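See below for the structure under consideration.
The values are calculated or read from the model by the stated rules, or taken from the named source; none is laboratory data. All values derive from a computational prediction rather than experimental measurement. Reconstructed Cβ throughout: ideal geometry from the backbone, glycine too, with neighbour counts over all protein chains shown. Please note that ligands, DNA and RNA were not included when accessible areas were found on the heavy atoms of the full protein model with its side chains. Shrake-Rupley method; radii C 1.70, N 1.55, O 1.52, S 1.80 Å.
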Amino acid sequence: VQLQASGGGLVQAGGSLRLSCAAPGNIFSINVMGWYRQAPGKQRELVAEIRSYVPTKYSDSVRGRFTISRDDAKNTVDLQMNSLKPEDTAVYYCKITSGSNTYWGQGTKVTVSS
């Protein structure tokens, strides 16, 4: 099962982008939806994660600038990224967990120029 991620691109520092990720409709009982990123030469890291009935989690580096949201009716998770910085440059991956199954998106590249 492949998640479809979109919305990456090139933007100047201070700009905004919105990433979207859609899961197939045959994935049910989604527990967790999140976004990760991997910069060149670095490990993949959590950006933001949203679960039912618990506070949304953000990495310290993006808190206050990024907002994650989900639409359970459409099986989508979005990441609104504002006040982007060059250090936000990375390939962004969405991840969905349903029971014991984890699904990843193919990655969408975000480049922030200074």
Next item on the list: Mind listing just one residue for me: the one in segment 19-33 that is at pLDDT below 90 and closer than 16 Å to residue 5 by Cβ and, of those, most open to solvent (accessible area, probe 1.4 Å)?
Entry: 24
Check: Could you list, in sequence order, the residues of segment 64-87 that are within 12 Å of the chain's Cα centre (by Cα) and either exposed (fewer than 12 other Cβ atoms within 10 Å of the Cβ) or charged (D, E, K, R) (or both)?
Finding: 70, 78
Next item on the list: Please indicate, with yes or no, whether at least one residue in segment 90-99 is surrounded by fewer than 21 Cβ atoms within 10 Å (Cβ to Cβ), touching a Gly at 6+ places or on another chain (Cβ under 8 Å) and among the aliphatic types (A, V, I, L, M).
Entry: yes
Next item on the list: Need at least 2 residues that are in contact (Cβ under 8 Å) with a residue 40 or more places away in the chain per element, so show me which strands (runs of 3 or more DSSP E) inside segment 3-114 make the cut, counting only ones lying wholly within it.
Entry: 4-6, 9-12, 17-22, 30-38, 76-81, 90-98, 101-104, 108-113
Item checked: Some residue of segment 42-52 being touching a Cys at 6+ places or on another chain (Cβ under 6 Å) and either open to solvent by 30 Å² or more (accessible area, probe 1.4 Å) or on the phi < 0 side of the Ramachandran plot (or both) -> no
Note to self: Taking the criterion of being farther than 14 Å from residue 87 by Cα, open to solvent by 80 Å² or more (accessible area, probe 1.4 Å) and not aliphatic (A, V, I, L, M), would at least one residue in segment 34-41 satisfy it?
What the structure shows: no
Notebook entry, point to check: residue 109 is checked against (1) over 14 Å from the mean Cα position of the chain (by Cα); (2) open to solvent by 40 Å² or more (accessible area, probe 1.4 Å) and fails just one. What number does that condition carry?
Noted result: (1)
Next item on the list: For residue 1, state whether it is out of contact with any Pro (no Cβ under 9 Å at 6 or more places or on another chain), loosely packed, with under 14 Cβ neighbours inside 10 Å and of a type in the set (Val, Ile, Thr).
Entry: no
